[in-house]
Amino acid sequence: MFLACVFVSILLALMPQAHSHMLMVEPPARNAMSRLGYSNVPPHPYDDYLVCIQTPDARCPPCGDKPDTEKPRPHEAGGKWATGTIVRTYTLGQTIQVQVNVTNSHGGKLRFKLCTKGRLNRPVKQSCFDEYPLTIGGRNSKVVQLTTPYGSSEVLNLSVKLPFGITCKHCVLQMTNTAKEFEPSAVMFRNCADIAIKGTAKTSMAGGPPLEQPPSAFDLHTRSGFGSGYEEQKQYRFYD
Ligand SMILES: [Cu+2]
């Protein structure tokens, strides 16, 4: 246990900068906003390297900070990169497109959760996200496995279903990757994005089914344009 932690710490110390890891670009995560042209958000020097090692005594904060980071944590309400700007407004029950640039894969599972209690100055807790784990793809799965080899890159285009019957002026969408490569240590990459979900007369009256069926397939391919230095290749993964 102790050795594993030391091992991971050394690995993490060796990895930064040269190897970046992942970034939720659609909807734009708080840490990605500057890169994507939001001029009200300061530039982020490590926007695709929000990494945390979780232990029983130190849980990873929900939006990519480290457990010992002083509050307000920079990626949570009140922090430097959490401006409260709503980056996307969706419709109740919508299947939304989510894009994640995996810039240096450590494998493992990718999960998305929704907290409906976003506030400008009060950070939301992991327990709020845990209320709404979101379903991905064209089947009833709440996880996507990263399948690209360790150290390589890919872009995931995912269909994610917003929960039935939920609207909010300020929700927070959370992405979590727990790296397989370092198991049993829990090395996590997390991003948060501020979104809104509007009801429509039709859907809120009827409380009806999602507006559209999710596609039965999604594609993913290696990332490009971020200077990862890995050869670009295209692959398609079908999910049915
Ligand atoms: Cu790494």
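Test residue 175 against the stated conditions and say whether it is open to solvent by 10 Å² or more (accessible area, probe 1.4 Å), at pLDDT 95 or above and outside any loop (DSSP other than H, G, I, E, B).
On the way: open to solvent by 10 Å² or more (accessible area, probe 1.4 Å): no; at pLDDT 95 or above: yes; outside any loop (DSSP other than H, G, I, E, B): yes.
Criteria not met by residue 175.
Those residues that are over 16 Å from residue 142 (Cα atoms) and more than 16 Å from the ligand (Cβ to nearest atom), I need them from the range 95-126; list them, please. Selection gives 116, 117, 118, 119, 120, 121, 122, 123, 124, 125, 126. Do we have residue 202 as surrounded by fewer than 13 Cβ atoms within 10 Å (Cβ to Cβ), in contact with a Gly (Cβ under 8 Å, 6 or more places away or on another chain) and at pLDDT 50 or above here? It is true that residue 202 is surrounded by fewer than 13 Cβ atoms within 10 Å (Cβ to Cβ), in contact with a Gly (Cβ under 8 Å, 6 or more places away or on another chain) and at pLDDT 50 or above.
Within the range 94-103, can you find the residues that are open to solvent by 10 Å² or more (accessible area, probe 1.4 Å) and assigned to a loop (DSSP other than H, G, I, E, B)? Within the range 94-103, 94 is the sole residue that qualifies.
Checked against (1) under 16 Å from the mean Cα position of the chain (by Cα); (2) closer than 27 Å to residue 43 by Cβ; (3) of a type outside the set (A, V, I, L, M, F, W, C), residue 111 passes all but a single condition, namely (2). For the range 35-80, the candidate set comprises residues that are assigned to a loop (DSSP other than H, G, I, E, B) and of a type in the set (Ser, Thr, Tyr); within that set, the residue that is farthest from the ligand (Cβ to nearest atom) is 39. Inside the range 34-48, residues that are free of Cβ contacts under 8 Å to residues at least 60 places away in the same chain and under 13 Å from the mean Cα position of the chain (by Cα) make up a count of 1. Taking the range 81-93 as the range and being β-branched (Val, Ile, Thr) and in a loop (DSSP other than H, G, I, E, B) as the test, the residues that pass are 83, 85, 86, 87.
Taken over the range 79-93, residues that are within 14 Å of residue 62 (Cα to Cα) and surrounded by fewer than 22 Cβ atoms within 10 Å (Cβ to Cβ) amount to 1.
Hey, can you tell me all the residues within the range 125-143 that are open to solvent by less than 10 Å² (accessible area, probe 1.4 Å) and either over 15 Å from residue 190 (Cβ atoms) or part of a loop (DSSP other than H, G, I, E, B) (or both)? Of everything in the range 125-143, those that are open to solvent by less than 10 Å² (accessible area, probe 1.4 Å) and either over 15 Å from residue 190 (Cβ atoms) or part of a loop (DSSP other than H, G, I, E, B) (or both) turn out to be 134, 136, 137. In a residue-by-residue description of the range 8-15, the property of being modelled with pLDDT under 95, surrounded by 14 or more Cβ atoms within 10 Å (Cβ to Cβ), part of a loop (DSSP other than H, G, I, E, B) and within 16 Å of the ligand (Cβ to nearest atom) applies to at least one position.
Results for (1) in contact with a Pro (Cβ under 7 Å, 6 or more places away or on another chain); (2) buried (at least 21 other Cβ atoms within 10 Å of the Cβ); (3) at pLDDT below 95, shown as yes or no for each residue.
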{"residue": "33", "(1), (2), (3)": "no, yes, no"}
{"residue": "37", "(1), (2), (3)": "no, no, no"}
{"residue": "44", "(1), (2), (3)": "no, yes, no"}
{"residue": "58", "(1), (2), (3)": "yes, no, no"}
{"residue": "70", "(1), (2), (3)": "no, no, no"}
{"residue": "77", "(1), (2), (3)": "yes, yes, no"}
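If you go through the range 133-175 and keep only what is of a type in the set (Ser, Thr, Tyr) and under 14 Å from the mean Cα position of the chain (by Cα), you end up with 135, 159.
Flag not set for residue 165, criterion: at pLDDT below 95, out of contact with any Asp or Glu (no Cβ under 8 Å at 6 or more places or on another chain), within 16 Å of the ligand (Cβ to nearest atom) and in a loop (DSSP other than H, G, I, E, B).
The values are calculated or read from the model by the stated rules, or taken from the named source; none is laboratory data. Keep in mind that what you see is a predicted model, and the values were worked out from it rather than measured. All Cβ positions, glycine included, derive from the backbone under ideal geometry; neighbour counts span all protein chains shown. These area figures cover heavy atoms from the full protein model, side chains too; ligands, DNA and RNA do not enter into them. Shrake-Rupley method; radii C 1.70, N 1.55, O 1.52, S 1.80 Å.
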